[in-house]
Amino acid sequence: NWLIQKGTIRGQTAFSIEPEIGLIAGGHIAIENGDITLPKGSIGGINFSLPYRYQDQRLQLGVKQPVEIKINRLENGVRLDNVSVQVQGYYPWTRKMPLSLSKLKLNLLGGELDVDQFSLPQHNPAYLRLSNIELSEILQLMQYNQLEMYGKVNANLPFWIESSPCIICDGIIEQGSHWQIHLSDELINKIEEGGGLTERILTNLMETMNVYDSNIKVNLLQDGTGLMNAQIKANNALDNPIFLNYNHKENAFDLWDSINFGAELQQNLEYRFYQKRENK
């Protein structure tokens, strides 16, 4: 169901078919400036030249050296820009014939994501390193309107697809800059409506906080359960010290579905439009 909007595809393949051996093929395929519309997203500015071999129902990618794949833009709920990754190995992969992705880099949420090495099947975690991610863009993505947060985030997240009870195990989130947290008027009113004098005092103290130190740990289990434990040190607007211990539990898969709904609806409508135009 991919719709190719533009780009150039070229390639060649040499092959032989023998009764005892089956199909053996080798060659390369290249895509230049490809744009593709998907039912739930789009990919723009695809560029790569990929040598390959096919034998014993297995595809070998990047035969002599890793192949660099570049994508200018990828949208599927979250927009990713300037994606580059090197690929080499086999599909389907095995322990003796793995598939390796290396030097993954991309821009998202005002910052960058880097992964040095990621191999399948997976025996070691892939370390997702986030740098200079904008807190305000995270809240906008998650559609949280109860508070405003400004500043930059760094993170080191050990990531597993298989062979582990957790997807992210003991990840660390760090400050990339000064953070400011501001509670919305709606949240303050709700807290004060359900409480008394103590709640009003707390909301006045915590309405605006300038965070100068934090210790945040995150885990994401295979069933989607996300766990966060945060210790935050801050000063309020009156320069009084505030120390917070905060624990949060939420199903990340359900959250992602709710985040993606609006974006997927728009992208699906665009896809249907292009599909009708292609069929004319």
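Looking at the square roots a ≥ b ≥ c of the eigenvalues of the Cα gyration tensor of the stretch 24-139, which shape do they give, rounded for a/c under 1.5, prolate if a/b is larger than b/c, or oblate? Taking the square roots of the gyration eigenvalues as a ≥ b ≥ c, the stretch 24-139 is oblate.
Accessible area per residue (1.4 Å probe, heavy atoms of protein chains only) ranks His28, His123 as His123, His28, with the largest value leading.
Over the chain, accessible surface divided per residue gives 62 Å², non-protein components excluded, 1.4 Å probe. Along the positive direction of the dipole of the chain (beta-carbon charges: Lys, Arg +1; Asp, Glu -1; about the Cα centre), which of Asn247, Leu50, Thr203 reaches farthest? Toward the positive end, the furthest listed residue is Leu50. Could you tell me which of rounded, prolate or oblate describes the stretch 40-81, using a ≥ b ≥ c as the square roots of the eigenvalues of the alpha-carbon gyration tensor, with rounded for a/c under 1.5 and, failing that, prolate when a/b is larger than b/c and oblate otherwise? It comes out prolate by the Cα gyration axes.
Shape analysis of the stretch 1-48 based on the Cα gyration tensor places the equivalent ellipsoid semi-axes at 31, 14, 7 Å, largest first.
Sites count as exposed loop sites when they are GluC sites (Glu not before Pro), lie in a DSSP loop, and have at most 14 other Cβ atoms within 10 angstrom; the longest stretch of the chain without one is 21-161.
For the chain, the spread of Cα positions along the three principal axes, ordered from largest to smallest, is 85, 49, 30 Å.
Each peptide in 7-19, 224-236, 38-50 gets a packing score, the mean of other Cβ atoms within 10 Å over its residues, and the list from highest to lowest is 38-50, 224-236, 7-19.
By the helix-only formula, in which each DSSP H run with n ≥ 4 contributes -39500 (n - 2.57) and the sum is divided by residues, the chain has a 222 nm mean residue ellipticity of -6500 deg cm²/dmol. Taking a quarter of the surface of the Cα convex hull of the stretch 163-259 gives a mean projected area of 7.9 nm². Sorting Trp2, Trp160 by solvent-accessible area of protein heavy atoms yields Trp2, Trp160, largest first, with a 1.4 Å probe.
The values are calculated or read from the model by the stated rules, or taken from the named source; none is laboratory data. Because the structure is a prediction, the values reported are computed rather than measured. Cβ: placed from backbone, ideal geometry, glycine included. Neighbour counts: every protein chain shown. Each accessible area value is taken on the protein alone, full model and side chains, heavy atoms only, with ligands, DNA and RNA left out. Shrake-Rupley method; radii C 1.70, N 1.55, O 1.52, S 1.80 Å.
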